[in-house]
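Enquirer: Handing you this structure, nothing more for now.
None of the figures in this text is laboratory data; all of them are computed from the coordinates on show. Predicted model, so just to flag it, every value in this text is computed and none were measured. Note that each Cβ is placed from the backbone with ideal geometry, even for glycine, and that neighbours are counted across all protein chains shown.
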Amino acid sequence: MRTMIKTGVFAAAFIFAGNTLAAELETEAQKLGYVFGMEIGGQLKQGGAEVDIDTLTAALKASYLGQELALTPEEATAIRNEYIAARRAEAEA
């Protein structure tokens, strides 16, 4: 999960703008950003995480650009830990 988050941070500047058609991917930065977006989206879907894509991309952009974040690191850790605990409980049930 941490690797996915770190990868997402690097992709933030390239995927926050919205949907991009493959034909519009002209620069290496656009192509790489799209690849990272595909990977993050696939990992989230495969993991069963239900996320709001607009919020995800806003957080990626803010984090990547060093802008003010809506959550503190402690709040983010608590939310992530709750999610992981719930997923484990579901798996064990």
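Enquirer: What is the extension gain from LEU32 to ALA49, computed as 0.36 nm multiplied by their sequence separation minus the C-alpha to C-alpha distance, in nm to one decimal?
Expert: 3.8 nm
Enquirer: With label points built 7 Å along Cα→Cβ from the Cα atoms of GLU90 and GLU75, find their separation and express it in nm.
Expert: 2.4
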